[in-house]
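J.: Once you've had a glance at the structure underneath, I'll fire off some questions.
Rule-based calculations on the coordinates, nothing more; no lab input. Worth saying up front: this structure is predicted, and the values here are computed from it rather than measured. Cβ atoms come from the backbone with ideal geometry, glycine included; neighbour counts cover every protein chain shown.
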Amino acid sequence: MRILVGSDDGLSLIRWLEGEKSGTVVSRGFERETVSSFARSGESLLAAVPERGLFRSADGGTTWEPLADRLGGERITTLAAAPSGSLLAGTEPAALHISRDGGATWSELESFRALGEKEDWSEYGGRAAHVEAIAFDRHDASRVYVGVEIGGAYRSDDSGATWTGINEGLFDDIHDIAVDPRDGSRVFAATGGGLYVSQDRGADWRPAAGELGGRYCLRFLTAASTPAVRPTESLFLLGTAGGPPATWGKRAAKAGARLWMSLDSGRTWEAPEEHGTRDASPVTALDANPRDASAVIAGTAQGHLLHGNVVDHRWRQIMYGLGAVRTLLVE
């Protein structure tokens, strides 16, 4: 298994085989810089380095070349690959750019930036409102959801040409969005004010029942297939904390971190108490083994990598000493 890790201290390419005690760093890049997001595009990988722009790798992440287009010099916060093959890049200040040629050239979706002129997008902590989440509906290739921190959620039903605000009942500090891969009408939003669920593509939102309705939510992992025990349901994982990063403490060990799991399409959730997933550093990035949706890699704000299985709840640390993890890509 190859694990590409983007952190506050650069990029690490790690090789790890199940059964080994720990992973091995194969290569590093962008040291002492933040790497915020990855995306696949055909045989290539793309990485967003907010202070420098976009980079592309043709050798699985070992070496990287800069792309000429800096998207107007804005900080690139989020990358996502659409089912159609196009790429979307979200920025700070909040804007969206699209590429239809693997990242070689980009054009801005001006209709999205125009939203900021009429919506109440807010600066906070010295940062402008920015795109934090991009999610596609695999049931409709033209439908995309975007979350703005702090500014709410938006949906396009025509591949980004026009946008609709979908914020009725929703907390506007959006950290991640997930669409149920088995039911495109069911959408989830991880926010600074809890987990929210919509049954009608974002037209109306309700807080999740129980503790998750008020937790500080961070990142989702979604899969269309689950272990054989529930083959017709969707799998969700969600990292949470007791409050925002400023409350986590110097080593992020007092954050009240939880890793929640749902094996029934988000109807019920549980947070196993096994070592490595409870009260430790918050999980800030998740990705699954592409050959086994139940085998998951989690990255934490403390720079650790955990490997776990959502069937038997066995989680263990396989790497430490990285920067605060921002994004993961498992191959």
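J.: How large is log10 I(q)/I(0) at q = 0.16, 0.26, 0.28 Å⁻¹ when the Debye formula is applied to the Cα atoms of the stretch 93-138, each weighted equally and without solvent?
T.: Debye curve over Cα of the stretch 93-138, log10 I(q)/I(0) at q = 0.16, 0.26, 0.28 Å⁻¹: -0.56, -1.05, -1.10.
J.: List, in order, the whole-Hz ³J(HN,Hα) value for each residue of the stretch 206-219 obtained from phi through the Karplus relation with A = 6.51, B = -1.76, C = 1.60 and θ = phi - 60°; use x for Gly and Pro.
T.: Values, residue by residue: 9, x, 5, 5, x, 4, 5, x, x, 6, 7, 9, 10, 9 Hz.
J.: Moving on to the next point. In a Gaussian network model over the chain where Cα atoms closer than 10 Å are linked, find which of GLU33, GLU211, GLU233 has the largest mean-square fluctuation.
T.: The residue with the greatest mean-square fluctuation here is GLU211.
J.: Of all trypsin sites (Lys or Arg not before Pro) in the stretch 17-71, which ones are in loop regions per DSSP and have a Cβ with at most 16 other Cβ atoms within 10 Å?
T.: Passing sites in the stretch 17-71 are LYS21, ARG32, ARG52, ARG70.
J.: What are the residues whose amide H is under 5 Å from the amide H of ALA95, where those residues sit 5 or more places off or on another chain and H is modelled from the backbone?
T.: Here the answer is VAL131, since their amide H atoms fall under 5 Å of that of ALA95.
J.: To the nearest 20 debye, what charge dipole does the chain have about its Cα centre, counting +1 at the Cβ of each Lys and Arg and -1 at the Cβ of each Asp and Glu?
T.: Roughly 860 debye, rounded to the nearest 20.
J.: Under 10 Å, Cα contacts only: if you run a Gaussian network model on the chain, which one of THR247, THR300, THR191 comes out with the highest mean-square fluctuation?
T.: So, out of THR247, THR300, THR191, the one fluctuating most is THR247.
J.: Just name one of ALA129, ALA58, PRO83: the one whose Cα is farthest towards the positive end of the charge dipole of the chain (beta-carbon charges, Lys/Arg +1, Asp/Glu -1).
T.: ALA58
J.: Here is a follow-up. Can you list residues whose amide H is under 5 Å from GLY193's amide H, if they're 5+ apart or on another chain and H is modeled 1.01 Å from N?
T.: Amide H neighbours of GLY193: ASP173, CYS217.
J.: Could you tell me the calculated FRET efficiency between ALA223 and LYS254, based on Cβ-Cβ distance and R0 = 25 angstrom, to the nearest 0.05?
T.: So, using R0 = 25 Å, E works out to roughly 0.20.
J.: Which one of HIS304, TYR154, THR164 has its Cα pushed farthest toward the positive end of the charge dipole of the stretch 2-330, where Lys and Arg give +1 and Asp and Glu give -1 at the Cβ?
T.: Checking the options against the dipole of the stretch 2-330, the answer is HIS304.
J.: Mean residue ellipticity at 222 nm from the helices of the chain, using -39,500 (n - 2.57) per DSSP H segment of n ≥ 4 over the full residue count, to the nearest 500 deg cm²/dmol?
T.: -500 deg cm²/dmol
J.: Let me ask something else. Listing GLU117, GLU168, GLU132 from the residue with the fewest other Cβ atoms within 10 Å to the one with the most, what is the order?
T.: GLU117, GLU168, GLU132
J.: I would also like to ask the following. How high is the relative contact order of the chain, in percent, with contacts defined as C-alpha pairs under 8 Å that are six or more residues apart?
T.: Answer for the chain is 12 percent.
J.: Which of LEU170, LEU305 has the fewest other C-beta atoms within 10 Å, and how do the rest follow up to the most?
T.: LEU170, LEU305
J.: Then there is this: Between ARG314 and GLU211, what is the spin-label point distance in nm, taking each point 7 Å from the Cα along the Cα→C-beta axis?
T.: 2.5
J.: Moving on. Given that just one value was derived from the coordinates, which of [x] 15.0; [y] 16.0; [z] 20.6 is mean projected area of the Cα convex hull in nm²?
T.: Checked against the structure: label [x].
J.: Separate question: Sequence gap at least 6, Cα distance under 8 Å: using those rules, report the relative contact order of the stretch 65-162 to the nearest whole percent.
T.: Result for the stretch 65-162 is 22 percent.
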